[in-house]
Structures are given as C-alpha cells and as structure tokens.
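*Asks:* Mind having a look at this structure? Questions to follow.
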Amino acid sequence: MNKEQFDVVVIGGGMGGACAAALAAKEGYRTLLTEKRDIIGGRFSCKEIDGCLLQTGAPFIHISGWVPKVCKEVGVDFDLTECLDVHYWIRGECYKLPLEHRMNALFEICNRVASNRAKLVGGIVKEIASQKVMSGIRSAISDPEKLGSTTIKEWLLRYTDNEDVHGIFDAISVGFLMAHSYEIPVYNFFHFMATQKGFNDVAMSTYGNLKNMEKLADVVRRNGEVWTNTPAKRILAGKNGVSGVVLEKEGKELEIPCKVVISNIGVKETVALTGEEFFSEDYLADMRVKMRPTPISIIHIASDEPICMEEGDAGAMLVSNARRITDAIPLTNSCPAMAPKGVHLTWACASPPSVLFPVDPEEEERQIMKDINMIFPDWQKKGGRIVEIEVRNMDHDLPEGRTWLGPAYNMPRETPVKNLFNVGDAVASSGIGGTSAGAEGAKRTIETVKKKVKAG
Ligand SMILES: Cc1cc2nc3c(=O)[nH]c(=O)nc-3n(C[C@H](O)[C@H](O)[C@H](O)COP(=O)(O)OP(=O)(O)OC[C@H]3O[C@@H](n4cnc5c(N)ncnc54)[C@H](O)[C@@H]3O)c2cc1C
C-alpha cells in the first residue's frame, strides 16, 4: 500500500473520531484521520487567547469511563488531574458537598436554606422528606421504564416543590442529559444513573485537552496520517457500499479511495455528504426525530484573584435557578497550566430556557452577564475580565450534545450503506454520554470493522 492509500478514512477528529482512528491504526488498518479545523479534538480541545487555554467543550472526562479504557488499549496515557469537589450555588451562597451520600446532602442543604429563609421572611417550612425521595430514586433506578413519559420535574414534584432542589436537578439534567428537567422524560435520567453509576470520578486534562488529543493523533501517525484543515466534502457510495471520500486539501478537491469510512461529524451531516438516496425512509425519519442538538454558551473569565470556589477546591459548582448559567469550574484551581502564572481562569456554561428552539445570541449574552454579576458579585474588583463568551446556537457544528441522552434518542452506528459507520455522541450507546460515548462507540465500531474488513 503506498503513502496515499488508506484502508480506513475517519472524518472528524473529535473524541469519537480520534479514538476510532487510533484503534484502527493499532489494529493494522492504514488510517487517515481528516479534520476540517486547524486543530483536532472537536468538543474536547482547547484554543489559546491571551495565554489562557479555553475549552472548546468538555472540561471533564470520567476516570472509570471509556476514554481511559481506549487510551490504555492504544498505549496512550492522558495527563489528568482528579476534580472531585462539588459545590452547589443556591441563593447567593456556596455549599460544599461531602464526597459520599451527595443526594442526601443536597436535601439537607435545601432544608437548611428553606428554614433560614423562613426565619428571615416568615412562612412555613416544608421539610423535604429525604428518605422518601431516596426510596423513590432506588425504585426508579430498578425499573425506570415504568415511569413512562413523566418528566424529571414531574417526578420530583411527587416528593417536593422546593425550588432550590428543582434548580439543582435542572442543572444536572441539562448538563448530563442535554435537555431541561421539564423537557426530558425521567426514564432517561435513571437509565443514565444506572448505567454510568453517577459522576463521582471526573478529571481534567492537566495541560489542556488538545495536548491529550494529540497523543491519540500520534498513534494514528504510526500507521497512517492526520490531516487538519481538510474538510470532507463527499462520501462516495454505490451499490457495494462505501468506496472513498472527497476531501478539500489546500484548496483542491482530492479523491481518496478506502474500504471503510467512519464519520464523527453527526448523523445528519453524514447523510448530507453521502446523499439521502442511500438511506431508507425509516432511517431518515429516525434521524429527524432523534437528532436534537443542544444550544450552549461557554464563558471564560480571567481574574487576578479567584472568583469561584475561592478556597482552592478542584471540581465544579452547580448553580440552582440562575437565568442561564448552570455550572462553573475554576479551571486553574486544579490545572494552573491553563493560564499564565498568577492568572485565575474560570469556565462556566449556560443554557437557554428551552433547548428546543434557536436562541438570540445578543439576548443570551445579556442574561449571562446578569448571571455573572449575581453569582460572582465581586468579579470585577478581583481583576476579572471576560476572555470570551461563545454562544452556540443549535445549528452550530459543535453543540453541547448532538442529541439528548437516553435510549429514546439512540441511533445505530452502522448505517444502511455497507462499511459506512457513525461514531460520536450522536450515536451513543444507551446511557453513555459525552466523551465516554465517543470512546465506547469507537471501540465497538472497530470491533465490527475487524469482523468484516481485512487490513491491507
Ligand atoms: C460546553 C460543553 C460542556 C461539556 N461537558 C462535558 C463534560 O464535562 N464531560 C463529557 O464527557 N462531555 C461533555 N460535553 C460533551 C462532549 O464534549 C462531547 O459529547 C464530545 O466531546 C463529542 O465528541 P464527538 O466524538 O461526538 O466529536 P466532536 O467533538 O463533535 O468532533 C467532531 C469533529 O468533526 C469535525 N468536522 C465536522 N465536519 C467535518 C468535515 N466535513 N470534515 C472533517 N471534519 C469535520 C469537527 O471540526 C470536529 O472536530 C460537553 C460539551 C460542551 C459543548
């Protein structure tokens, strides 16, 4: 096989694409990973502004999840720093959770907040019956399907109407499941809890996500190539399945024949590059119903003094009932290399009131600024400056998620076109989300490719 020939072409260098390309190269397939941007990593990467490393998407990976498993298989060791602390921001106060029994701790905190408020403004305190909620959670995890189309909010209302608890559940819902607690059936939440067993073991890339993703790219380079600034323009298919791709490289179209195409760019984009005529009506209908990209805004604030989790804890702060911001992370508390010496870098993300409709970017920025002033009231006194607020609408090619998390939104990775596969969070396995979904899908896809196609 000469230098320009490949067994496998992977389109898109996000977590799913990079893992698939590294696994394929390791299995002996000569592999091309082609990425349209000038850096790989997609929503697990970073760009530099004023010496600060800004996250393009995921700050965290799951230590016991699929990314470390795939890395181990291809002989890569990500530089990671554990970030286990969780704080809740509720009505202007920040509460640190213990490492265990976090749900019980949440109810205790909210009961305390309600009782303190009653002392100040009067009213009757309705204590949350935590034992009842916990037993409801246990029964729901054991048989999530019986909850039918009940939303998370409706399910929680059975036990409590405490607004602070509802605010935290909404932040968890939109952060993990990609839809608000009043938009997504609770079935998906408990399915996720049962499959992913909570989210108590997360870590961040010590030197930024791009450095780690480059390690996967190096595995590909040992048995293939990685081309950046090279968008795929077409996927070539015929009666016998996929036969190659057309790429745009240095301003020219280039046809690359191959045996297998693995697309990491989303189901809709894969169909668009191949042509709808190759897909059944059922597949296209499924795609239209199930693909639900979530709009998101990503905020980076640099400051001279810490503004979030100021005592130096490493982890995340979930925000209850703000206008837009749902969580914030003091990146440099755990990974000081993400900003110049002496600079504190805080990340936050923000969701519109509904993830079902396009947003007005100017209105999002206005509401986000109000939230920043409310959640970090002295951020400017501490030398705070906005490095970037990036509002991504639902048609952005790097949304929060390409679809909501849960069995109702899953599509198969294999397509009706022979040897054309999708990987990434658009085609997650049931209950697995985010970066883990990309890595797990890559592993399963290469297992399927090995059964069907010989290298060389
Ligand atoms: C703000 C935010 C916070 C998040 N937080 C977390 C978290 O803490 N933990 C977690 O696990 N997940 C989190 N996620 C989700 C996680 O980032 C994604 O699920 C995951 O990174 C998606 O990976 P992917 O494999 O689907 O590919 P993507 O990251 O979507 O990569 C696709 C790649 O394809 C490229 N591409 C597109 N079109 C073409 C083309 N025509 N030709 C060539 N290349 C192309 C793109 O440039 C991109 O690099 C978060 C996401 C966001 C946005």
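Just so it is clear, none of the values below were taken in a lab; they were calculated from the coordinates. As the structure is a computational prediction, the values presented were derived from the model and not from experiment. Please note: Cβ atoms are built from the backbone with ideal geometry, for glycine as well, and neighbour counts cover all protein chains shown.
*Asks:* Full extension from residue 386 to residue 288: what is 0.36 nm times the residue separation minus their Cα-Cα distance, to one decimal in nm?
*Replies:* Length difference between fully extended and current span is 31.6 nm.
*Asks:* Do the sum for the chain: with -39,500 (n - 2.57) for every DSSP H run of n ≥ 4, divided by all residues, what is the mean residue ellipticity at 222 nm, to the nearest 500 deg cm²/dmol?
*Replies:* That comes out to -10000 deg cm²/dmol.
*Asks:* What are the ³J(HN,Hα) values, in whole Hz, obtained from phi via the Karplus relation 6.51 cos²θ - 1.76 cosθ + 1.60 with θ = phi - 60°, for each residue of region 36-41 in sequence order, with x given for Gly and Pro?
*Replies:* Result, ordered by residue: 6, 7, 7, 10, 8, x Hz.
*Asks:* Output the 0 to 90 degree angle, nearest 10, between the alpha-carbon long axis of helix 163-172 and the longest principal axis computed from the alpha carbons of the chain.
*Replies:* That works out to roughly 20 degrees.
*Asks:* Considering only the chain, what is the antiparallel percent among its DSSP beta bridges, to the nearest 5?
*Replies:* Looking only at bridges with both residues in the chain, the antiparallel portion is about 70 percent.
*Asks:* Right, another one. Give me the distance in nm between label points sitting 7 Å out from Cα along the Cα-to-Cβ direction at residue 395 and residue 429, one decimal.
*Replies:* Each label point lies 7 Å from its Cα, and together they span 3.6 nm.
*Asks:* Place a point 7 Å from the Cα of residue 94 along the Cα-to-Cβ direction; which residues of region 339-379 have their backbone N under 17 Å from it?
*Replies:* Once the point is set 7 Å along Cα→Cβ of residue 94, 343-349, 371-379 turn out to lie under 17 Å by backbone N, inside region 339-379.
*Asks:* List the aspartates and glutamates whose Cα lies under 13 Å from the Cα of residue 382, skipping any in the same chain that are fewer than 8 positions away.
*Replies:* Correct list for residue 382: 304, 305, 310.
*Asks:* Related question: Give, in nm to one decimal, the length gained when the segment between residue 233 and residue 408 is fully stretched (0.36 nm per residue of separation minus the Cα-Cα distance).
*Replies:* Fully extending the segment from residue 233 to residue 408 adds 59.9 nm.
*Asks:* Measuring from label point to label point, each 7 Å out along Cα→Cβ, what is the residue 135 to residue 118 span in nm?
*Replies:* 2.2 nm
*Asks:* Could you list, in their original order, any pairs among 36/252; 26/233; 26/450 whose Cα atoms are separated by more than 23 Å?
*Replies:* 26/233
*Asks:* May I pose another question? Determine which lysines satisfy two conditions relative to residue 119: a Cα distance under 30 Å, and not lying fewer than 8 residues away in the same chain.
*Replies:* Within the straight-line cut-off, residue 119 pairs with 96, 132, 153, 370.
*Asks:* I need the peptides 356-362, 221-227 ranked by packing, meaning the mean over residues of other C-beta atoms within 10 angstrom, with the highest value on top.
*Replies:* Going by the mean number of other Cβ atoms within 10 Å, highest first, we get 221-227, 356-362.
*Asks:* Additional query: Starting from the 7 Å offset along Cα-to-Cβ, what nm value, one decimal, do you get for the label separation of residue 142 and residue 182?
*Replies:* Placing both labels 7 Å along Cα→Cβ, they lie 3.3 nm apart.
*Asks:* Does anyone have the angle between helix 102-121 and the longest principal axis of the chain? Alpha-carbon axes, 0 to 90°, nearest 10?
*Replies:* Between helix and principal axis, roughly 40 degrees.
*Asks:* Of the listed peptides 384-391, 135-142, 373-380, what is their order by residue-averaged count of other C-beta atoms within 10 Å, with the highest listed first?
*Replies:* 384-391, 373-380, 135-142
*Asks:* Which of the aspartates and glutamates could a cross-linker bridge to residue 452, judged by Cα under 16 Å and excluding same-chain residues fewer than eight apart?
*Replies:* Residue 452 reaches 7, 27, 414.
*Asks:* Right, here's the next one. On a 32 Å Cα-Cα criterion, which of the cross-link pairs 126/381; 69/259; 69/290 come out too long?
*Replies:* Exceeds cut-off: 126/381.
*Asks:* Report, to the nearest 10°, how far helix 281-290 tilts away from the longest principal axis of the Cα atoms in the chain, using its own Cα long axis and a range of 0 to 90°.
*Replies:* In the chain, helix 281-290 runs at an angle near 30 degrees to the longest axis.
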